[in-house]
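What follows is a set of notes on a single structure, which appears directly below.
The values are calculated or read from the model by the stated rules, or taken from the named source; none is laboratory data. Values in this document were obtained by computation on a predicted structure and should not be read as measured data. With ideal geometry, Cβ positions are generated from the backbone for all residues, glycine too; neighbour counts draw on all protein chains shown. Areas reflect the complete protein model, heavy atoms only, side chains present, ligands, DNA and RNA absent. Shrake-Rupley method; radii C 1.70, N 1.55, O 1.52, S 1.80 Å.
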Amino acid sequence: MPALLEIRGLSAGLQGRRSITQVVSSVDLDVQRGEILGVVGESGCGKSTLATAIMRLLVPPQVLQSGSMTLRLKDGNTYELLELPETDLRQLRWRHLSYIPQGSMNSLNPVLRIERQMTDTLIQHGLSREEALKRSIAALEMVNLEPRLLDSYPHELSGGMRQRVIIAAAVSMRPALIVADELTTALDVVTQRQLLQELAGIRDELGATILIITHDMGVVAQIADRVAVMYAGKIAELGTVNDIFESPLHPYSQGLIGAIPRAGGHRVEGLPGEAPSPWNYPAGCRFHTRCPHVIDRCRAQTPALLPQGDGRWAACHLYEPEVLSNA
Amino acid sequence: MTANSDASAGDSAAEGQAAGRREVFQYAVRRFGVYLFTLWAAITVAFFVFRLVPGDPMNILLGNLTRAEGRQRDAAAEEAIIAHYREIFGMDDPLPLQYINYLRKAILGGLDLGPSFVEYPAQTKDLVFRRMPWTIGIFTTSVLLAWIVGTGLGALIGWLQRSRLSQLAVVISTLLQITPVYLVALGLIIYVGYIWRILPAGGPYARHLQPEWTWEFISSLLTHAILPMLSNMIVIGAGFTLGMRALMISVLGEDYLTFARAKGLSPFTVLKDYAFRNALIPQVTALAIIVGATLNGTFIIEILFQLPGLGTLFVQAMGLRDFNTMQAVVLFSIFAVLTLTLIVDLALPLLDPRIRRTA
Ligand SMILES: Nc1ncnc2c1ncn2[C@@H]1O[C@H](COP(=O)(O)OP(=O)(O)OP(=O)(O)O)[C@@H](O)[C@H]1O
Ligand code: SF4
Ligand SMILES: [Mg+2]
C-alpha cells in the first residue's frame, strides 16, 4: 500500500540578506497510513520547520527550497502538496490535514469563545451551524472535555484543557493526517500521559495517521509505532520504536537512547557537546563533531539514508556496504 | 474516562465566568472612582496654579473701566474700586477658603464657577457653554474620524506589511505624525485657503451670515469646519495608522494566527476575527490616551482658524489673568477628556474578555 504522505528531498531554510541558510536538508520520509510516526531530535534540529513545511505554513524568513510531498487519500485523490495553490490548500487543511502547532497553548485566540474557534472552521468547510456544533461536542468528548466548555474563553481553561481543545479542534473534521508538534512539552507528566492515551485512542477510533514531533524520547516510546531520528536538519535513522530503542544503529540514536533517564534515575550516558545550529552545520556527516565512532570519510562525505533491512534506515558511513566489508 | 479532573473542569469554567462578570462590575466601579478622583485633582491643581501666575486681573479690569469712561480717577477712588471688586470675587479670603468656596459653589451651586473678571457680570459657565460646542464638535469629530480611518488604514498596511505600497504608507504616516499640528494647519490655510482658494480657511462661517437653521448657514458652517478638522485628523490619524500597523504586525506573529491559517480559514476570516479583532483592543486604549493628548492641538487649531471655541476663550482669558474663566475652560476640558476616556475604558471589557484586575 502506498504511503499516505510521501516526502522526497524536502529542504527548507531561512532567507538571509544574501543567501538562504538551510535548516532542513533533503528529508525523505514516508508516513504510512494509520501509523503514529514520531520525529525526534534535539531542540533546534529543525523539527518544527519540517512540520510547518509539511503544512505549508512557513512564514518569512522561512522559505521552502525544494522537494516534493505527495498526499494519497483513501478516496483515491492524490495531491502534490507543494504544487497546490493556496485556495486548494485551504480546502485540504483541517479536512484532510490538521496541525497542532508547537506552543499550542497559545494557539487559541484569547478574545473568542471556544465555540466560535471550533465551529468557524467547520462552517467554512461547508457544515451547517448545528452540524458544526455537534461535531465540536463529539470531538471534545474524545478528549474527555465537557461540551459546556464551548462557552469559555481560553484564559478560563488550564493549560492541559487548552491543549485538549486544540486536539479536539484538530480532529473535528476527522482528518487523514494530524501533525502534532511538541504536543505535551509544557504539561505535567500525568496530563502528558493522559493526552497521549487520548491521542492513541483517536487514532484507533478515526483511523487517522499521526505525525508526532517531540524532543522527548519518552513520548515516542509511549505512543509511536515508528521513529525518525533527526539531527541537524537531516534524518539520521528511521525504524520501529522497538528496533530503535533495542538496538539503535546510528551513533546519534545510540547517544539519544543513552540520554534517557532510566528507571533507576541515573543517566546511562549523555551526548557530549552541543547540537550545531543551521548557521554552522558541519560538512560531511553533520554529527561528526560529536560522534564517538567518527572515521575519516565522515568529515568529507555526507552519508546517505540507506535501507538496513527490516524497514530500517540509517544515514551513517559505518553502515555502508564497503565500510562494513572492510571491517 | 481517564481524567476525573475534567468533570470538574467544566464547573470551574462556569464559575470562572460568573467570577468574570463580578470582576467586570468591580472594574467598572473602580474605574468610576478613579474618574471622580482625577477630576477633583485636576480642578484643584488648576485652581492653585492659575493663582500663581503673576499679574493682577484687577489692574486690567481697572484699565478697561478707565478706557470705557474716558477719564482718569484719583488713586483713592481706584483703591476703592479694586477693593470693591476684590470683595465681589472673594479675593481677600485666604486661599484655602477661596478654594473651598469655589468647590462648594461648583458642586452645590449647580456648576457655579463664578463670574468672569473681565466680562463681569457674565458667568464663566455661560462663556464656556457658549464656546464649548465648537471645541467639542471639532475635537470629537476629528479624533473619531482619525481613529476610524487610521485604524482601518493601519490594519491594512500591517496586513500587507511586505508590499511596496505599505512601506510607502509607513514613511508618509511617519512624516505626518512628527509634523506639529500647527504646521499642518498653516500649510492647509496657506495652500488650500489662500493660494488655491478651494475652501474657507478662517472663521466659523461666512461673515455675512447669522446663525440660523438654514441650509446656507449650515453648509457654510460645514465647509468652514473642513480644514480645521482635516489639520487635526492628518496628524492624529497618522499616529493611529502607525499604532494600528504595529499592533497588527505583532498580532500576525502570534501562535493563534498560525493556527487560524492552519485551520484553513479564508484570509478574510483570519484578518477579521483573528488579527483585526485582537489588534483592536489596544487600539481602543490608544484612543483613550490620544483623546487627552490632542486637545491642546485642537486649541491651537481654533486659534489659527479663528474659531470661537474654548481655545480662543482660554487665550483671551489668559491675557487678562481672568482666573475664573481660565479655570472654567480647564475644568470643562478635563471633564470632557476624562469622560471620553471613561467611556472608552468602560467599553474595553466588552471587547476583551481578559480584562480584570487591570484598573
Ligand atoms: N522564523 C525563524 N527565524 C529565525 N530562526 C529560525 C526561525 N525558524 C527557525 N529558526 C531556526 O531554525 C532552527 C530550527 O528551528 P526549529 O524550530 O525547526 O527547531 P525544532 O527542532 O523545532 O526545535 P525545538 O525543539 O526547540 O522546537 C533553529 O536554529 C532556529 O533558531
Ligand atoms: S557517519 Fe561518521 S560521524 Fe556520522 S554518525 Fe556515522 S560514524 Fe559518526
Ligand atoms: Mg520545534
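Miscellaneous remarks
- The listed peptides B:173-179, B:208-214, ordered by packing as a protection proxy, come out as B:173-179, B:208-214 (highest mean of other Cβ atoms within 10 Å first).
- Of the DSSP H helices in chain B, those that are both long (alpha-carbon extent of 24 Å or more along the helix axis) and hydrophobic (Kyte-Doolittle mean at least 0.5) are B:124-159, B:215-252, B:277-293, B:323-351.
- Test item: A:153-159 mean partner chain Cβ contacts at 10 Å: 5
- On Cα atoms only, tilt of A:159-171 relative to the major axis of chain A in degrees: 90
- Number of partner chain Cβ atoms within 10 Å, mean per residue of B:262-272: 6
- Averaged over its residues, the stretch A:30-133 has an accessible area of 38 Å² per residue, based on protein heavy atoms and a 1.4 Å probe.
- Shape category assigned to the protein assembly as shown from the gyration tensor of Cα positions, a/c cut at 1.5: prolate
- Using the rule -39500 (n - 2.57) for each DSSP H run of four or more residues, divided by the residues of the protein assembly as shown, the 222 nm mean residue ellipticity is -17500 deg cm²/dmol.
- Estimated at the nearest 10 Å², the accessible area of B:THR294 is 20 Å² with a 1.4 Å probe.
- Amide N proximity, the stretch A:293-327 versus A:GLU246 label position 7 Å along Cα-to-Cβ, cut-off under 16 Å: A:309-313
- Cα-based reach from B:LYS105 at 19 Å (exclusive), listing lysines while leaving out same-chain residues under 8 positions away: B:LYS125
- Tail beyond 18 Å, pair distance distribution of the stretch B:144-235 (Cα, percent): 57
- Charge tally for A:PRO282 (other residues, Cβ to Cβ under 11 Å; Lys, Arg +1; Asp, Glu -1): +3.
- Entry comment: accessible area of the stretch A:193-265 is 33 Å² per residue, from protein heavy atoms only and a probe of 1.4 Å.
- Heavy-atom accessible surface of B:HIS84, to the nearest 10 Å², is about 110 Å², with a 1.4 Å probe and all protein chains retained.
- On a per residue basis, the convex hull of the C-alpha atoms belonging to the stretch A:169-327 measures out at 145 Å³.
- Peptides B:98-104, A:33-39 ranked from most to least packed give A:33-39, B:98-104, packing being the mean of other C-beta atoms within 10 angstrom over each peptide's residues.
- Shielding score for B:247-256, defined as the mean number of other chain Cβ atoms within 10 Å: 3
- The angle between the Cα long axis of helix A:189-206 and the main principal axis of chain A comes to about 80°, on a 0 to 90 degree scale.
- On association of chains B and A, roughly 3300 Å² of accessible area becomes buried (total for both chains; probe 1.4 Å).
- Among the protein heavy atoms, those of A:TRP94 account for about 0 Å² of accessible surface (1.4 Å probe, every chain in place).
- Rounded FRET efficiency, nearest 0.05, which uses the C-beta distance separating B:ARG354 from A:GLU141 and R0 of 30 Å: 0.65
- Across the accessible surface of the protein assembly as shown, with the other protein chains kept in place and a 1.4 Å probe, carbon and sulfur atoms take up 60 percent.
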